[in-house]
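Reviewing the structure listed below.
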Amino acid sequence: MDWPHDPDGEKGSEGMRKYGQAILAKKLDDEEDFPLEAAEFLEDHGDEPVRLNHERVVSVADIFEHVEETEFEEIIDLHKAVGRAMRSAGMWELEEERYA
């Protein structure tokens, strides 16, 4: 799918590309935006791109199709739910063995 803009912007994110959850985190303020309704977040950001790796980009909505929770009390709750969803959907790009 062609996106109207690169999720990293013209110059990248802080000089480098950001992937997956890092892009989602940039859309939120962990103090002001929580508790957060998933439907509200999707309404605001569902059509926006999230880079999974150097070739694959999906929408926020594509990821949230696999998120079971409907509300998040804190940003860590969102990250845990999105991480589980991305793993179950084959969207998780990190090799966990490298960090063991």
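Values quoted throughout were computed directly from the atomic coordinates according to the rules given, and no laboratory measurement underlies them. What you see is a predicted model, and the numbers here were worked out from it, not measured in a lab. Because the Cβ atoms are built from the backbone with ideal geometry, glycine has one as well, and the counts that use them run over all protein chains shown.
Treating the beta-carbon of each Lys and Arg as +1 and of each Asp and Glu as -1, no other charges, what is the dipole magnitude of the range 21-91 about its Cα centre, to the nearest 20 debye?
680 debye
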Phi angles of the range 72-78, converted by Karplus (6.51 cos²θ - 1.76 cosθ + 1.60, θ = phi - 60°) into ³J(HN,Hα) in whole Hz with x for Gly and Pro, give 10, 6, 9, 4, 5, 5, 5
Any residue on another chain or 5+ positions along whose placed amide H is under 5 Å from the amide H of S59 is listed here as V50
Yeah, the range 21-91 with a ≥ b ≥ c from its alpha-carbon gyration tensor (a/c under 1.5 is rounded, else prolate when a/b outruns b/c, oblate otherwise) is prolate
